[in-house]
Amino acid sequence: MLWEEKKLPILALEVVSQNYRGEYSTKKAEYAKLGILYYVVYNPFRRRKPRLEVYKLINGSYTALEDGSPVWLPEIGLGIGMERGTYLGIPREWLYWYDRQGQRLLTPQEQAQLAQKRAQLLAERLRSLGIDPDLI
């Protein structure tokens, strides 16, 4: 969609399927040629090598950043990493964004659940003070 946006993305993310499609060679070279700062490859099928690899474009070629989860991306102000979780009812390893302290950012679903729980606690507290929260 570069032709529509007319601006390069700062990050390209490739999720490898069971059929290898040049994520570690052809696509990586193409993204470098375009000048995309970060190239991230997530391969959930890998067992001996890291499943998450993060590269940064330095002097026209990608350099692998240190292994770890999360990997901090200062130009974006976020880290990217993986951990087990449940999203849309599916338990598995997922990619997540992290803050500078390494705390995972909540998904929209998790944010909604947290807001609902806080609202319930507030309603209970109001009731304990003799206030009906439904009348406020």
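Bear in mind that the values in this text are calculations on the coordinates, not laboratory data. Just so you know, these numbers come straight off a predicted model, no measurement behind them. Using ideal geometry, Cβ is built from the backbone for each residue, glycine included, and neighbour counts are taken over all protein chains shown.
Out of the residues in region 27-45 that are surrounded by 11 or more Cβ atoms within 10 Å (Cβ to Cβ) and among the aromatic types (Phe, Trp, Tyr), state the one that is farthest from PRO70 (Cα to Cα).
Here the answer is TYR31.
Among the candidates SER17, SER61, which residue alone is among the hydroxyl-bearing types (Ser, Thr, Tyr) and without any contact (Cβ under 8 Å) to a residue 12 or more places away in the chain?
So the residue among SER17, SER61 that is among the hydroxyl-bearing types (Ser, Thr, Tyr) and without any contact (Cβ under 8 Å) to a residue 12 or more places away in the chain is SER17.
Filter region 1-26 down to the residues that are among the charged types (D, E, K, R) and over 15 Å from ALA64 (Cβ atoms), then identify the one that is surrounded by the most Cβ atoms within 10 Å (Cβ to Cβ).
Among residues in region 1-26 that are among the charged types (D, E, K, R) and over 15 Å from ALA64 (Cβ atoms), the one surrounded by the most Cβ atoms within 10 Å (Cβ to Cβ) is ARG21.
Please specify each residue of region 56-96 satisfying the condition of being among the aromatic types (Phe, Trp, Tyr), buried (at least 16 other Cβ atoms within 10 Å of the Cβ) and either over 20 Å from LYS28 (Cβ atoms) or within 15 Å of the chain's Cα centre (by Cα) (or both).
Listed by number, the residues that qualify are TRP72, TRP94, TYR96.
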